[in-house]
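The structure appears right after this line, and notes come after that.
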Amino acid sequence: MSRFGSEGEDIIGRWSEEKLDLLAKYLKAYSVIMNEQKKSWLRAYYYIDAFAGSVRPRAKEDEQRYIDGSPLRALQTEPRFDGYWFIDVSPRRVERVQHLREEFPDRVIEVRQGNCNEVLRNEIVPRLPYSSMQRAFVFLDPYGLQVDWETVQELANTKTCDIFVNFSVMGVTRLLPRDQDPDPEVVEQLSQVMGSTDWITQIYREPPGIQLDIFGNPTEPASSRDTIQAEWLARLYTEQLRSLFPHVSRPVLMRNSTNSVLYSLCLASHNQTAIKITNEIFNRYERLRDLGE
């Protein structure tokens, strides 16, 4: 859950700053490539932020320090995008985003308050058919499990949208009870977010019999609710994305100060070069993170 400072702004941890840094690095590379394409076939390219409300969050470890949120990272990217869509369900957050028009009067900024699934499917996707010679970068950074799989499908079907998605691994594991099968409502919710729930029956399946290790002791099944790992869930969601997009990066795990995995970040694209760039950015980030530990 988000914490709020004295002025109602979000307070974010170190992992969120790192996520924003990764976003900014990729946006720079994306914009350079897209700007080059405008010399030949491309008419325009856009930045779309489905959870845009954190304009200037504060750092958790130093609440006097403000951080540029995702809308600012996009607006500061050069070469600049041809337009920006900012969506958020919160009236307070939307109000903050509206003020960006004053800071960046020379940018084409559209702001929508509402459920991102509805805005993306009803307003944005219809504007970006393949025949339009336009492209869009869509940042899906939900607070939990708010992004519907149907929305991801529709974005993929345009063949004009790449998505940078921050998947809530923590949100999924919190829904899965340890001592019983999940309720049908939970299965339905996870199906809405992940597109498939076949994997749920796998992790709650009784082992075919007592498995013994080499010392004769009983072992846990390889994949059970008690042993389910964040890495496995991150790979599972990435594989689901591969059913929709021809190219998907490997996921990078975003960890909190106690090293618990909260989210996994990955890019799904229609362009192989985009994945190569993303994986290089992720590899560099993980090497630096490992050196810092």
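The values are calculated or read from the model by the stated rules, or taken from the named source; none is laboratory data. Since this is a predicted model, take the numbers as computed values, not measurements. All Cβ positions, glycine included, derive from the backbone under ideal geometry; neighbour counts span all protein chains shown.
Here are some notes:
- Qualifying residue in segment 118-128 (condition: within 20 Å of Asn271 (Cα to Cα), part of a strand (DSSP E or B), modelled with pLDDT of 95 or more and assigned by TED's automatic domain parsing to the domain that holds Met254): no
- Options Ala52, Ala74: the member that is modelled with pLDDT under 95 and closer than 14 Å to Phe139 by Cα: Ala52
- Taking the numbered list (1) more than 16 Å from the chain's Cα centre (by Cα); (2) in a strand (DSSP E or B); (3) of a type outside the set (A, V, I, L, M) in turn, Tyr263 passes all entries but (1).
- In the set (1) small (Gly, Ala, Ser); (2) surrounded by 21 or more Cβ atoms within 10 Å (Cβ to Cβ); (3) free of Cβ contacts under 8 Å to residues at least 12 places away in the same chain, the condition left unmet by Ala136 is number (3).
- Sub-8 Å Cβ pairs linking a first residue in segment 86-102 that is small (Gly, Ala, Ser) to a second residue that is in a loop (DSSP other than H, G, I, E, B), at least 6 apart or interchain, are Ser90/Gly53, ordered by first then second residue.
- The listed residues are Leu100, Leu155, Leu145, Leu140, and the only one of them that is hydrophobic (A, V, I, L, M, F, W, C) and over 27 Å from Gln240 (Cβ atoms) turns out to be Leu100.
- Subset of segment 179-217 (residues that are among the acidic types (Asp, Glu), modelled with pLDDT of 75 or more and over 16 Å from Asp148 (Cβ atoms)): Asp179, Asp181, Asp183, Asp198
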